[in-house]
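In what follows, a structure is listed as structure tokens, so that the remarks can point back to it.
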């Protein structure tokens, strides 16, 4: 029988060796089990930093974080003896209570779920007293954006839950479902600055996800870095005054400090109170705003397109004099036959042509720029001249993005050679086909921001400074501001500016005249085939050492010499003098008196 | 013959190994449930470890008590003990309380008693008693038949209780029968069937049938000139094909759904990753994450945070694997190996056939538990709920294993007093 005992012993040893080998394989050779074990028990808990605060240029707080409270429930611990009373307290129906409990239980019976999002302050006060009677319920604080102003929404933007769409495209892998992210305006363009850096704590959890312990004594935990504070160039006082003037209107106001490129005010009308897109209000109000026919979410100063009209004559004059096709004093006699004109036929020179906005003068001057006689064929000649002109127009920030630190800036439009080739055929067009460009019409399109920037360039006598809304990030100056000199002789600017001064003193803009203000500018009446013309104005004040450049557009308000110049003049006065000396003009704007006697001009007010 | 005091005749090596296992088991039950937040004591009766301490103390009394019986008692009363246990097994079917689909427990207040645990040593006793007679030879078909019936009756009753795992333990008693002259063909055939069964689960049935058919044809071809062998090849071939075809039947009609899933998830744990596969996967993760030296006592995370189910009973080995690594696992396996080989050695030195056969019964039952329990935690065997002897939490099983072992030690202590019967 000893051989059988041997078999039994051998069998035992065989099994034991098999186990040892198997254990060696899963415990020592295979690393996957160790990874799987950590994945089982280690839970990363994100620590959210505070979002950076936003101040205006005078250091007054504009955007801050305010705590809100969510009512949370842990279903397993929840005991509600008197459901009716509890529902009364929360102001919900019993059915709603049941369905919320069911939803929470479905998620987890031992992990907390949100029961009521963002309870009101009144309810929170009551809950603090009452919650002791309702075990399993507690309030969890978090923060939402709050605002010291009911305006500026188009600049500030808003914060919301990151969309699944974005998550799919996001390559940084920073965001997770349920995270908050800046969606519009500054909150979007400065998202990486404002959001700070998340921290994480690592906890050991049991099979049901209940935290049991720190993972490795918290060795891998990181603290969140709070978001950086941002200081705006916006002067909240001016912004609010401009918003007040634009209340009830459709349009834009952009005010820039010429010496710095600081945007002092950026008004898009109509707008909305930024608070209505904060926290849980976002989901209620966003659909309403998106469906509003007045498009309150449309950031008009950066996104609206208008033909520049007469404002364009300012840079036309500078380019023409710089090209040498005309001198400041050359007298050109117009007979009013080249193009429609409100300025009477007669003798014009540069300053006078600006002051009276002579269409025919600029038509003739631009013809000299486009057709300089370098080619015998007028067609070929036009191509050379047009391209040269176009490049110079671009230098003024027309037809290209300026690089403002807000999202969704448009290019505007300056037509290209290719465009006309497509429209008319190659070598089938010459100056006579494109002459309306000379007075800022034709295919030209600009945004209010581009026009305000033009005002700043003129006020600077030829310096382009990137317009921007953020002055400082974390007390360090905004590094993305370029300053460049345009290649035009500064003497040319003075001629144009003298004309602009007279526009306001004794021309189409005289409604905005104030003797101590030295406002220089140019009005524009944007033809609107669908209704009343749009009123536009671009200018700056004072004439020398300008403090403010402004572009104002008021849609459906008639001539530029009415609403727009009034708005601009009042804002300039408010900014420079700190008070308004012309209540009648303010009244004229706020009461929309400009509409009562606005005959529709047949052509751009010139 | 000089009468040594009894204490000198006890095999202290076995007692030492038993004590080591029980003690380590107790520590690991504590570790398996240890909650760092609560930091309960090892002696807290609110925990399994605390209660296990009670079971250990009573087991010690039980083992000590066994030595007060006359050594002849177990021989003389073997059938009576067997009969009583069978009666209990029957009775539990009627009066037992149902726990997790099995009706195998008597409830006494907060405690439960599982008669099938005690049926193991009773059956071993009865088998030893029956085969211990000098006239009984397992080559005799009648003797073989009765031996099988002795094993099959408690086995069937346990199956009826719904406790498949414990029932399978009785099959281990083929080991003493093998030792006593069971024709080797039978275990070979049995293993063959199990092997084919497992192969059938792992390999596509059609593929397997084709392979077997080719094998048979090859066998027939090679033995074409030996008609006697041809017959054998044919018979074996038919049997193999039959057992392959019967897998479906057994799987769908014999096994209960939860058992089916356990069998299937052995082949592929991902078949039901949150159900039956969960146990195996989590068990392997726990053991596998232990590495060479483990995470340290009470430092494991997989068992104490409930990722591993039944972590104090059937899956207690996970705690060793996780907290003490490969070295700890090997140490535990070495303890069991030492115990088993020691028991084989002791069994072989018995003068009476009864004691020897019972000894091999003890070896068989312990070995089966040890092998199947560890094999299931490391994914080598389907999950059937049987405890690791002396180690797992549980009063009934610890008591039963203690009785099983100490009755044998008692018999061994008196081996010199027995007349050699053959």
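Helix A:32-41 sits at what angle to the longest principal axis of chain A, using alpha carbons and giving 0 to 90 degrees rounded to 10? Compared with the principal axis, the helix lies near 80 degrees.
Per-residue Cβ neighbour counts within 10 Å put B:287, B:196, B:250, A:497 in the sequence B:250, B:196, A:497, B:287, beginning with the fewest.
Based on DSSP H runs of at least 4 residues, each adding -39500 (n - 2.57), what is the mean residue ellipticity at 222 nm of chain A after dividing by all its residues, to the nearest 500 deg cm²/dmol?
Numbers: 22 runs with 223 residues, N = 606.
Rounded to the nearest 500, the figure is -11000 deg cm²/dmol.
Going from the fewest other Cβ atoms within 10 Å to the most, the residues A:365, A:80 appear in the order A:80, A:365.
At 222 nm, what helix-only mean residue ellipticity would chain B give, in deg cm²/dmol to the nearest 500, using -39500 (n - 2.57) for each DSSP H run of four or more?
Details: 17 runs with 281 residues, N = 422.
Computed ellipticity for chain B at 222 nm equals -22000 deg cm²/dmol.
Comparing Cα centroids, segment B:45-115 and segment A:87-163 end up 56 angstrom apart. Per the Debye calculation on chain A with a single equal scatterer at every Cα and no solvent contribution, log₁₀ I(q)/I(0) for q = 0.07 Å⁻¹ amounts to -0.57.
Roughly speaking, what is the stretch gain from residue A:11 to residue A:335, that is 0.36 nm per residue apart minus the C-alpha to C-alpha distance, in nm to one decimal?
On the way: separation 324, 0.36 × 324 = 116.64 nm, distance 11.98 nm.
Full extension from residue A:11 to residue A:335 adds 104.7 nm.
Our Cα-only numbers for segment B:167-212 put the radius of gyration and Dmax at 14.0, 40 Å. Calculated from the alpha-carbon coordinates, the protein assembly as shown shows an Rg and a Dmax of 47.2, 153 Å respectively.
Measuring nothing but alpha carbons in segment A:486-566 and taking Rh as the Kirkwood radius, the Rg to Rh ratio lands at 1.03. Segment B:155-212 and segment A:245-291 have Cα centres lying 80 Å from one another.
Axis angle, to the nearest 10 degrees, between helix A:359-370 and the longest C-alpha principal axis of chain A: 70 degrees.
Expressed per residue, the C-alpha convex hull volume of segment B:203-255 stands at 58 Å³.
Semi-axes of the equivalent ellipsoid of segment A:376-534 are 30, 23, 17 Å, computed as sqrt(5λ) over the eigenvalues of the C-alpha gyration tensor in descending order.
Ratio of segment B:1-150's C-alpha Rg to 2.2 N^0.38 Å, to two decimals?
On the way: Rg = 20.1 Å, N = 150, 2.2 N^0.38 = 14.8 Å.
The reported ratio for this selection is 1.36.
Distance from a point 7 Å along Cα→Cβ of residue A:50 to each backbone N in segment A:139-153: keep the residues under 16 Å and list them by number. In segment A:139-153, the label zone of residue A:50 (backbone N under 16 Å from the point 7 Å along Cα→Cβ) covers A:141-148.
Only Cα sites of segment B:115-249 enter the Debye sum here, all with the same form factor; the resulting log10 I(q)/I(0) across q = 0.15, 0.22 1/Å is -0.89, -1.21, listed in q order. Across peptide B:378-391, the average count of Cβ atoms from other chains found within 10 Å of a residue's Cβ is 1. Of the beta bridges in the protein assembly as shown, as assigned by DSSP with both residues counted there, near 95 percent are antiparallel.
When the inverse distances between all different Cα atoms of segment A:221-348 are averaged and flipped, the Kirkwood radius reads 19.5 angstrom.
Other chains near B:331-338: what is the mean number of their Cβ atoms within 10 Å of each residue's Cβ? Don't skip to the answer; put the middle values down first.
On the way: counts 0, 1, 6, 2, 0, 3, 7, 0.
Counting Cβ atoms of other protein chains within 10 Å of each residue's Cβ and averaging gives 2.
Counting only alpha carbon atoms, the long axis of helix A:236-246 and the longest principal axis of chain A meet at about 60°. Cβ-Cβ distance of residue A:510 and residue A:394, R₀ of 30 Å, FRET efficiency by 1/(1 + (r/R0)^6): the value works out to about 0.40. Expressed per residue, the C-alpha convex hull volume of chain B stands at 164 Å³. Centre-to-centre, using Cα atoms only, segment B:297-368 and segment A:462-526 are separated by 91 Å.
Counting only other chain Cβ atoms within 10 Å of each residue's Cβ, the peptide A:531-543 averages 0. Each of A:589, A:132 has some number of other Cβ atoms within 10 Å of its Cβ, and from fewest to most they run A:132, A:589.
Read the figures in this text as sums done on the coordinates, not as results from a lab. Quantities reported herein were computed from a predicted structural model and do not represent experimental measurements. Quick reminder, even Gly has a Cβ in these numbers, built from the backbone with ideal geometry, and neighbours come from all protein chains shown.
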